[in-house]
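A short worksheet on the structure shown next.
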Amino acid sequence: MMKTSCISRELLPKDLISIVKKVENQQRISDKEALTLFKKSSLSLLGTLANQIRERLHGNKTYFNKNIHIEPTNICVFDCKFCSYSRLLSKKQEAWEYSEKQMLEILKNAPKDITEVHIVGGVHPKMGLDFFVSLIKKAKEIRPNVHVKAFTAVELEYICRKAKVSYKEGLQILKDAGQGSLPGGGAEIFDEKIRKNICEDKCTTAQWLAIHEAAHSIGMHSNATILYGHIEKAEHIIDHMSKLRDLQDKTAGFNAFIPLKFRNKNNQMSHIKEVSIIEDMRMFAIARIYLDNFKHIKAYWPMIGKETTQTLLGFGVNDIDGTIDDTTKIYSMAGAEDQNPKMTTEEILHLIKQVKRQPIERDTLYGVVEN
Ligand code: V47
Ligand code: SF4
């Protein structure tokens, strides 16, 4: 039965009426309809629709976890124009390269109650499949109950190519070693032209999708991201989400969609102005409306900032990632406000409660953690 709408039809442009009706009736909207909605609707309409969906799926619940990041190296064979963090092999100033022992030390010293370690870094020719299999096995010996979410499709494409194994074989070897799931990085923008412009030498759209499909086929879940707010247009955002929605229809293996806002400090795209919070709210809201087969929309607070994260909880977001414990450099080097990202559990609870939402601690796969 159709729910009584709280959106006044008289105020809507004609071409939006049928689209709004569809969203309110929980019907899927087409790419064309999504584009019209994204381009033409007011911020308040997008927000109202996204929040209706968020509250239908999750009520006031807002998920977070207790996690740390390990970034094995910032040396990278690729040269993405938006990246502030990587150092080419030839340019080693400000570069780091942890040994296995150092990374295991980080894990040993991490707070006792973390449930996840997120391992992502640059693509280093010396860090191959064997190196990571050994790291994961030892990490699981030290902290058997900590979920290992590791390696973007960009790293995995390189690791599997070097090891001469298929994506499925490579992923199975990592799974057997103890890896639990994949993060969503490396997706950037799937449109071939824009991708070529901002990150031409790393894994292609088809490879990114194939790696996530292979992971899902062996029972490993993953996340998906988009890098927005640079040279892309609304069309590219919808096209990107369309490819994800199609794959999710096929595999149901994605947990969360995470829009990542382009930050412009210290990279080759510094001349591009960062978008405003209005664009952030529009991006997250259209994601919530369009991706009807994604359960979770995540705002990654170290990147977008704590106050914007709170605002986004009214624009479709129901997950804010974790406590982090000052273990990531990707965003601080790109100019994010928080130069030492960490939150205590009390701070994360306060952040969520302050906007009258209900904090729920989750594990990586969205099981509720009872304390
Ligand atoms: O793929 C790099 C992005 C991503 C910049 O799955 C930048 O739970 C903005 O994917 N401005 C890696 N973004 C991080 C990532 C991630 C983070 C947290 C949680 C999860 C998850 C995934 O960081 C890269 C790229 O899109 N990135 N440089 C920049 N200047
Ligand atoms: Fe390397 Fe990732 Fe930076 Fe691209 S975004 S240069 S793949 S570390």
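The values are calculated or read from the model by the stated rules, or taken from the named source; none is laboratory data. These figures come from a predicted structure and were not determined experimentally. Every residue, glycine among them, receives a Cβ derived from its backbone with ideal geometry; neighbour counts consider all protein chains shown. Heads up: the accessible areas ignore ligands, DNA and RNA and are worked out on the full protein's heavy atoms, side chains in. Shrake-Rupley method; radii C 1.70, N 1.55, O 1.52, S 1.80 Å.
Tabulated results
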item	result
The chain: radius of gyration and largest Cα-Cα distance (Dmax), Å	20.1, 65
Per residue value of the accessible surface for the chain (all protein chains in place, 1.4 Å probe), Å²	43
Full-extension gain in nm, GLU192 to LEU57, via 0.36 nm per residue minus C-alpha separation	45.3 nm
Helix axis angle, 205-217 relative to the chain longest principal axis, alpha carbon, degrees	80
Bridge type composition, the chain - antiparallel percent by DSSP, nearest 5	5
Inter-probe distance in nm under a simple model that places probes 7 Å from Cα toward Cβ, at ALA206 and ARG9	4.7
GNM flexibility winner over the chain from LYS126, LYS66, LYS193 (Cα, springs under 10 Å)	LYS126
Accessible area of the range 56-361 belonging to carbon and sulfur atoms, whole % at 1.4 Å probe	51
Distant-in-sequence amide H partners of ILE70 (H built 1.01 Å from N, under 5 Å)	HIS118, ILE119, VAL120
Cα-projected label distance for SER166 with ASN293, points at 7 Å along beta-carbon direction, nm	2.2
About the Cα centre, charge dipole magnitude for the range 56-361 (Lys/Arg +1, Asp/Glu -1 at Cβ), debye	180
Length released on extending from ILE142 to GLU213, taking residue separation times 0.36 nm less the Cα-Cα span	22.6 nm
Extension gain, ASN371 back to ASP176 (0.36 nm per residue minus Cα-Cα distance, nm)	67.3 nm
Sites GLU279 and LYS353, calculated FRET efficiency, Cβ-Cβ separation with R0 25 Å, nearest 0.05	0.40
Dipole of the chain, positive direction: furthest Cα of ILE75, LEU247, GLY186, with charges on the beta-carbon	LEU247
Dipole-positive endmost among LEU349, HIS296, ALA163 within the chain (Cβ charges, Cα centre)	HIS296
Computed FRET value (nearest 0.05) for LYS32 with SER270, which takes r as the C-beta separation and R₀ as 45 Å	0.80
Listed residue (ILE119, ILE106, ILE136) projecting farthest to the positive dipole end of the range 56-361, Cβ model	ILE136
